[in-house]
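Novice: Below are the structure tokens for one structure; questions will follow.
What follows is calculated from the coordinates using simple rules that are stated; it is not laboratory data. The shown structure was predicted, so the numbers you read here are calculated from the model rather than taken from an experiment. A quick note on method: Cβ atoms are made from the backbone with ideal geometry, for glycine too, and the neighbour counts reach across all protein chains shown.
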Amino acid sequence: MHNATEAKGPSEELKKPLERRDFLRYTGLGLAVGGLALAGCNDVMEDVSKTQSASDAHLTGLVNVGSGDAGILNYAYALEQLEAAFYAQVLMGKYYNGTSAPQRVALRDIEAHERIHREFFKMAITAAGAPIIKDLEVDFSSIDFSTKMGVLSVAKAFEDVGVAAYNGAGKLIQTPAYLTIAGKIVSVEARHAAIIRDFLEYNTFVGPDVVDQSNGLEKSMTPAQVVAIANNYLKEGSKLYVGDLPTE
Amino acid sequence: MNILNILAEIEKVDPEVYERLDQRRQVFKHFAGFGKKLAASTVPLAMGAMFKKAYAQSSGLSQQVIEVLNFALTLEYLEYYFYDMGVKTRNLFVQADLAAITIIRDDELKHVNFLKAVLGANAIAPLMASDFDYTGSKGGKRAPLIPEVFRYRQNFLALAQAFEDTGVRAYKGGAPLLMDNNTVLEAALNIHSVEARHASHIRTMRRGGTQANGLPKSWITGTDGGGPLPSVTAPVYGPGMPADTYPSEANIMQAGINLTSIPNVTADQASEAFDEPLDVATVLAIASNFLVK
């Protein structure tokens, strides 16, 4: 799949960042932190110009999260949809009803948090006037909602991947206000991840699978790496395409 | 890896990148235009060598990035020596506690060493254990805020929670100030989420482990009643400056949206779902309680 950027050639490509840099300078950090209303206008324009490439993805039945900051927000919205749907089903399942009170309290809280994240993105993306992806249809047929391993191992995977996804997406964001929003959410996902991991095996809250033991930094995942996992839990027609997101 | 994108990104933060890489600007742009045709395996190697050379003279870090990273380094020292003293205090912890505090201590030391390496010659002079007074008496110059912090597990964990939750807010507040350096921004985010995992675990420890119910939760509800020691820790959960940009942890308004307008969402849940950033000055005011000077 080729997008409009590559067709522009080197001179256009080199001109773009200058425009973006000026845009960021003039919006100013202090102003932009105030809210979503001051979204990156350049990116919205780019989104409009890139709708042609989005149609390629639709032909193959994929949901294109889009490009620029709007694409990142939709990417986050997609992941929150997945998490919210998962915990909603957990709360209706056999394991939740039979497990310990501390686990029920935690799972109930986490369900609320993820539902709030999902609804927040839906409202925020709409309010920003950006394109928004559809309600995704999940496929949890591989998950056993009746056992501890079935529920908590998938919860752990979703939370860890969620943290890694936000960590990897932060640098792709152009608008400071959006970066702050992502930061506000990712630490809550990390809190979730730690307690879920501790429920599975105590003191594994910063295991070597998620934190690089050489420098104490959590590992990031790229959007492509994340959707390779997320798409396993989405039905045909709801699987995600992130090829138009920025990569640097 | 797209060579044009890399150069374009760098040009955003360093307009002179082409001059740094090669005085013959036009020649280099010509090379960049052919980047895509070079063997994919050789391009990253060539680029890496060029960047290393180009930035060898200057650190490549802006003054703002240097200041934010030194601020973070100070907080990591604060945490590291605290946990290190806890680990080395006899009979403070049972085995499972000691294992967790040791893991966290080691993470904080790695963060110290990582930030020192990134900052290089721009790093602040190393801080020593003697630079900190975790009772909050500032080296005996005033009455201690938390007497016997290394004698009682609950006192130690209360302060640990305050440090971790402060660290999470500090990195979150610092992130937008690092946007002109993607490498540093991503590293800061990668530390930020580790601090949040620490905070979650310390809260579980204070609750009495994974079999116990009650408070504190692993996330922050409202202002958490001012935290574990409200007379000392309330600022950890309160607003920063300005409060519009750095609201308290009880905040339920995100990007102009009132989260309690979502059906079946309470104010407590809305506040838990989002952590809040804190500004440098407010964080330093909290931290300075435990600095001797």
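Novice: Those residues that are in a loop (DSSP other than H, G, I, E, B) and either in contact with an Asp or Glu (Cβ under 9 Å, 6 or more places away or on another chain) or crowded, with 24+ Cβ neighbours inside 10 Å (or both), I need them from the range A:66-92; list them, please. Walk me through how you get there before you give the answer.
Specialist: Just the residues of the range A:66-92 that are in a loop (DSSP other than H, G, I, E, B), to begin with: A:66-67, A:92.
Passing the criteria: A:Gly66, A:Ser67.
Novice: Does A:Ala194 meet the test of being of a type in the set (A, V, I, L, M), under 19 Å from B:Pro176 (Cα atoms) and either in a helix (DSSP H, G or I) or within 7 Å of chain B (Cβ to nearest Cβ) (or both)?
Specialist: Working: of a type in the set (A, V, I, L, M): yes; under 19 Å from B:Pro176 (Cα atoms): no; either in a helix (DSSP H, G or I) or within 7 Å of chain B (Cβ to nearest Cβ) (or both): yes.
No, not satisfied.
Novice: Follow-up question, since we're still on this one. Tell me, which residue of the range A:151-184 that is among the polar types (S, T, N, Q) and more than 8 Å from every other protein chain (Cβ to nearest Cβ) is farthest from the chain's Cα centre (by Cα)?
Specialist: The initial filter retains those residues of the range A:151-184 that are among the polar types (S, T, N, Q), namely A:153, A:167, A:174-175, A:180.
Subset that is more than 8 Å from every other protein chain (Cβ to nearest Cβ): A:153, A:174-175.
On the way: A:Ser153: 19, A:Gln174: 16, A:Thr175: 16 Å.
Once the filter is applied, the top-ranked residue is A:Ser153.
Novice: Which of the residues belonging to the range A:215-229 are within 7 Å of chain B (Cβ to nearest Cβ) and surrounded by fewer than 21 Cβ atoms within 10 Å (Cβ to Cβ)? Even if it seems obvious, please write down each step before you answer.
Specialist: Applying the first criterion (within 7 Å of chain B (Cβ to nearest Cβ)) to the range A:215-229 yields A:215-218, A:220.
Selection gives A:Asn215 alone.
Novice: For the range A:141-161, which positions are surrounded by 19 or more Cβ atoms within 10 Å (Cβ to Cβ) and in a loop (DSSP other than H, G, I, E, B)? Explain how you work it out, then say what you get.
Specialist: If we filter the range A:141-161 for residues that are surrounded by 19 or more Cβ atoms within 10 Å (Cβ to Cβ), which is where we start, we get A:143, A:151-152, A:154-156, A:158-161.
If the condition is that a residue be surrounded by 19 or more Cβ atoms within 10 Å (Cβ to Cβ) and in a loop (DSSP other than H, G, I, E, B), then A:Ile143 is the only one that fits.
Novice: Given (1) over 25 Å from B:Val265 (Cα atoms); (2) buried (at least 23 other Cβ atoms within 10 Å of the Cβ); (3) of a type in the set (S, T, N, Q); (4) within 7 Å of another protein chain (Cβ to nearest Cβ), identify the lone condition not met by A:Ser187.
Specialist: (1)
Novice: Do we have any residue at all in the range A:200-208 that's within 8 Å of chain B (Cβ to nearest Cβ), surrounded by 16 or more Cβ atoms within 10 Å (Cβ to Cβ) and among the aromatic types (Phe, Trp, Tyr)? Break it down stepwise before answering.
Specialist: First, the residues of the range A:200-208 that are within 8 Å of chain B (Cβ to nearest Cβ): A:202-203, A:205-206.
So of that shortlist, the ones also surrounded by 16 or more Cβ atoms within 10 Å (Cβ to Cβ) come out as A:202-203, A:205-206.
Next, from what is left, pick out any that are among the aromatic types (Phe, Trp, Tyr): A:202, A:205.
The answer is yes, given that some residue of the range A:200-208 is within 8 Å of chain B (Cβ to nearest Cβ), surrounded by 16 or more Cβ atoms within 10 Å (Cβ to Cβ) and among the aromatic types (Phe, Trp, Tyr).
Novice: On the phi > 0 side of the Ramachandran plot and either within 11 Å of chain A (Cβ to nearest Cβ) or touching a residue at least 60 places away in the same chain (Cβ under 8 Å) (or both): which single residue out of B:Gly226, B:Gly209, B:Gly240, B:Gly222 fits that description? Explain how you work it out, then say what you get.
Specialist: Details: B:Gly226 fails: either within 11 Å of chain A (Cβ to nearest Cβ) or touching a residue at least 60 places away in the same chain (Cβ under 8 Å) (or both); B:Gly240 fails: on the phi > 0 side of the Ramachandran plot; B:Gly222 fails: either within 11 Å of chain A (Cβ to nearest Cβ) or touching a residue at least 60 places away in the same chain (Cβ under 8 Å) (or both).
After applying the criteria, what remains is B:Gly209.
Novice: Residues of the range B:175-223 being of a type in the set (D, E, K, R) and surrounded by 24 or more Cβ atoms within 10 Å (Cβ to Cβ), which ones? Walk me through it before giving the result.
Specialist: Going residue by residue through the range B:175-223, those that are of a type in the set (D, E, K, R) are B:180, B:186, B:195, B:197, B:203, B:206-207, B:217.
Answer for the range B:175-223, where residues must be of a type in the set (D, E, K, R) and surrounded by 24 or more Cβ atoms within 10 Å (Cβ to Cβ): B:Glu195, B:Arg197, B:Arg203.
Novice: Which of the residues belonging to the range A:97-140 are aliphatic (A, V, I, L, M) and assigned to a helix (DSSP H, G or I)? Walk me through it before giving the result.
Specialist: First pass over the range A:97-140, keeping only residues aliphatic (A, V, I, L, M): A:101, A:105-107, A:110, A:112, A:116, A:123-125, A:127-128, A:130, A:132-133, A:136, A:138.
Answer for the range A:97-140, where residues must be aliphatic (A, V, I, L, M) and assigned to a helix (DSSP H, G or I): A:Ala101, A:Val105, A:Ala106, A:Leu107, A:Ile110, A:Ala112, A:Ile116, A:Met123, A:Ala124, A:Ile125, A:Ala127.
Novice: Another question, if that's okay. Yes or no: the range B:243-250 includes at least one residue that is touching a Gly at 6+ places or on another chain (Cβ under 6 Å) and hydroxyl-bearing (Ser, Thr, Tyr). Give the derivation first.
Specialist: Kept after step one, since they are touching a Gly at 6+ places or on another chain (Cβ under 6 Å), are these residues of the range B:243-250: B:246, B:248, B:250.
Among the residues that remain, those that are also hydroxyl-bearing (Ser, Thr, Tyr) are: B:246, B:248.
Among the residues of the range B:243-250, at least one is touching a Gly at 6+ places or on another chain (Cβ under 6 Å) and hydroxyl-bearing (Ser, Thr, Tyr), which makes the answer yes.
Novice: Residue by residue through the range A:109-139, note down the ones that are in contact with a helix residue (DSSP H, G or I) (Cβ under 8 Å, 6 or more places away or on another chain), farther than 18 Å from A:Ile72 by Cα and surrounded by fewer than 17 Cβ atoms within 10 Å (Cβ to Cβ).
Specialist: Within the range A:109-139, just A:Asp139 meets the criteria.
Every residue, every condition in (1) touching a helix residue (DSSP H, G or I) at 6+ places or on another chain (Cβ under 7 Å); (2) closer than 18 Å to A:Tyr178 by Cα, yes or no:
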| site | (1), (2) |
| --- | --- |
| B:Pro242 | no, no |
| B:Ile252 | yes, yes |
| B:Ala255 | yes, yes |
| B:Ser261 | no, no |
| B:Val265 | yes, no |
| B:Asp268 | no, no |
| B:Asp275 | yes, yes |
| B:Asp279 | yes, yes |
| B:Ser288 | no, no |
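Residues are listed down the side, and each one gets a yes or a no for (1) surrounded by 14 or more Cβ atoms within 10 Å (Cβ to Cβ); (2) touching a residue at least 24 places away in the same chain (Cβ under 8 Å); (3) within 7 Å of chain A (Cβ to nearest Cβ):
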residue	(1), (2), (3)
B:Pro247	yes, yes, no
B:Ala250	yes, yes, no
B:Asn264	no, no, no
B:Glu276	yes, yes, yes
B:Asp279	yes, yes, no
B:Leu284	yes, yes, no
